[in-house]
1. Can you tell which of HIS293, HIS266 is surrounded by 11 or more Cβ atoms within 10 Å (Cβ to Cβ), closer than 25 Å to ILE369 by Cα and at pLDDT below 70?
2. Give me the helices (runs of 4 or more DSSP H) completely within segment 1-89, filtered to those with at least 3 residues that are at pLDDT 90 or above and either aromatic (Phe, Trp, Tyr) or crowded, with 20+ Cβ neighbours inside 10 Å (or both), ordered by residue number.
3. Within segment 352-366, track down each residue that is touching a Lys or Arg at 6+ places or on another chain (Cβ under 6 Å) and surrounded by fewer than 16 Cβ atoms within 10 Å (Cβ to Cβ).
4. If you scan segment 37-91, which residues turn out to be among the small types (Gly, Ala, Ser) and more than 20 Å from PHE127 (Cα to Cα)?
5. I need every pair where a residue in segment 445-458 that is small (Gly, Ala, Ser) has its Cβ under 7 Å from the Cβ of a residue that is not in a helix (DSSP H, G or I), sequence separation at least 6 or different chains.
6. Can LYS327 be described as surrounded by fewer than 20 Cβ atoms within 10 Å (Cβ to Cβ), in the same structural domain as ILE435 (by TED's automatic domain parsing) and either more than 18 Å from ILE466 (Cβ to Cβ) or of a type in the set (S, T, N, Q) (or both)?
7. Is it true that SER102 is within 26 Å of LEU202 (Cβ to Cβ), touching a Ser or Thr at 6+ places or on another chain (Cβ under 9 Å) and part of a helix (DSSP H, G or I)?
8. Of the residues THR420, THR448, which single one is at pLDDT 55 or above, of a type in the set (Ser, Thr, Tyr) and surrounded by 18 or more Cβ atoms within 10 Å (Cβ to Cβ)?
Amino acid sequence: MKDQTEAGARGGEGDTARFAWAYPATLFALAIAAPAFLNVNTFGVMRLLWASLEEGQVTHLLDACIRMVILNTLRAFPIYLGALALAGIGEGGSGQRQFLRSVALAALVVPLEYALINQVYSITYDFRMPAILSIVAVAAVLRMGQTRVRQEKWKAASVVGVLVFAFQWLDVAPALTRWGFGHGEISLDIKAAAEVLGAASLLNTYTVSLWATLLSMGLLLSKVMVDYRTHIRLIEEDRRRSVELARVQAEAVQSRSWQELNHLMHDLRTPLTTIQGLSSTLAEYSGGIDPEHVAAYAGRISEAAERMDTMIREMLFGSRMQRVPAKWFARKLASQLPEEKTRGVVSITMADDLPDITINTIRLTRAIINLIDNAIDAGASEVNVDFSRSPVGLKIVVSDNGSGMSAQELARCREGGFSTKNSTGLGLPFVCAVIDDHGAELEITSTTHEQSRRRGVAQGTVCTIILPEAREVDSHRSRFVLPEDPGGR
């Protein structure tokens, strides 16, 4: 399998290499074929040049210049583009040294192509300053625009076409002849005709202006390509980040669901233990148990099963929020306290002027029961749940006289998995998550026995929950209809 994979990879590289050679080879073939139908006769250059001398018309001369430049551009364009493609200009983000080697290779390929055309057609292409400057300028602009000649063919062809057209104008500028421009036979004839007609200065201005304009257009085109590529890259990056964000959000939702399931499993242990224990007792000692005890056990089994059903329903309707009177919620909480664990140590007190609150009754009930369970597990003989009004809504204080927590334990008590009782450590993190979901605040203070003795304050833990009062903006949520008293203590 490995050998097949490596063979496939080598085959793919071979196909890529063949295609890389095919593109410049096609351009070179086109350049060799071009003089057969692109020449001074088909373009009427010589006819216009003689007409300008016979009639003394500068317009014929300018027309001849335009046709000559277009002719030279069409014949030189595939040569330059093929040489730059063969040299790999813009490929792979090459460094400065590699770029210079590529330019040197392109500068070597162009005169070789010129020589081959000369052998076929006996036409002498002039390889001097315009050709050299064209190669360097085009290569530099392509590199500046990060344009890869073989991969981005139309972009590269656009830049090469504009810049080659620009530099071909310098061949017919009389003032530049001594600097190595325009030493071809027809170019020299055009400049000689300009001298005869006294239009050399006009031709200099005309050609240099067009060169500067076209060069600017080439640079601007390259800049547009850079901006376009940057824009596409930013769009792709934004799309990638959106996909990544969606993935992270999905993972967060999945993680939260898993945590909620862990919390539910943690809380289901108490009623499940009650059902199992009392059911076993009834099964093993059914003949010797007082009927009143049987009824009591059956009632406690029913209550435990109801609590389990309530918790399971929370999984299905966990996000449901209701506007309820705080007193009703306090009575609901009292009815849900597990009788087998409280052992009469829990008391609930309520003020008279309690507000309405918008809550998920099931989740908030479970959260407060978790706090009570923690207090009992910490050895508390008294646990008080006090409901009173706060400046912003409802204040629920769960206080106990248990063993308390040290400063280090208090700092870590909200961490998932942290426990001082060898438990799962899921209870208090679940409480914090529920409180956050309600837009409420939770404050925990604790005093150990040693701290109590030193400071002369009561031992135990105090958990204070501040719930916001229900407002009119909650009208879109479920409106509470006061049910019958759920029962309580």
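The values are calculated or read from the model by the stated rules, or taken from the named source; none is laboratory data. Model, not experiment: these values are computed from the prediction. Cβ: placed from backbone, ideal geometry, glycine included. Neighbour counts: every protein chain shown.
1. Values: HIS293 fails: closer than 25 Å to ILE369 by Cα.
Result: HIS266 is the single residue among HIS293, HIS266 that is surrounded by 11 or more Cβ atoms within 10 Å (Cβ to Cβ), closer than 25 Å to ILE369 by Cα and at pLDDT below 70.
2. Details: elements: 2-33, 45-55, 58-87.
It comes to 58-87.
3. Answer for segment 352-366, where residues must be touching a Lys or Arg at 6+ places or on another chain (Cβ under 6 Å) and surrounded by fewer than 16 Cβ atoms within 10 Å (Cβ to Cβ): just ASP353.
4. Applying the first criterion (among the small types (Gly, Ala, Ser)) to segment 37-91 yields 44, 51-52, 56, 64, 76, 82-83, 85, 87-88, 90.
Listed by number, the residues that qualify are GLY44, ALA51, SER52, GLY56, ALA64, GLY88, GLY90.
5. Going by the 7 Å Cβ cut-off, the qualifying pairs are SER446/GLY404; SER446/MET405; SER446/THR461; SER452/ALA458; SER452/GLN459; ALA458/ASN401; ALA458/THR447.
6. Details: surrounded by fewer than 20 Cβ atoms within 10 Å (Cβ to Cβ): yes; in the same structural domain as ILE435 (by TED's automatic domain parsing): yes; either more than 18 Å from ILE466 (Cβ to Cβ) or of a type in the set (S, T, N, Q) (or both): no.
The answer is no for LYS327.
7. Numbers: within 26 Å of LEU202 (Cβ to Cβ): no; touching a Ser or Thr at 6+ places or on another chain (Cβ under 9 Å): yes; part of a helix (DSSP H, G or I): yes.
No; evaluated as a whole, the condition is false for this residue.
8. On the way: THR420 fails: surrounded by 18 or more Cβ atoms within 10 Å (Cβ to Cβ).
Unique residue meeting the criteria: THR448.
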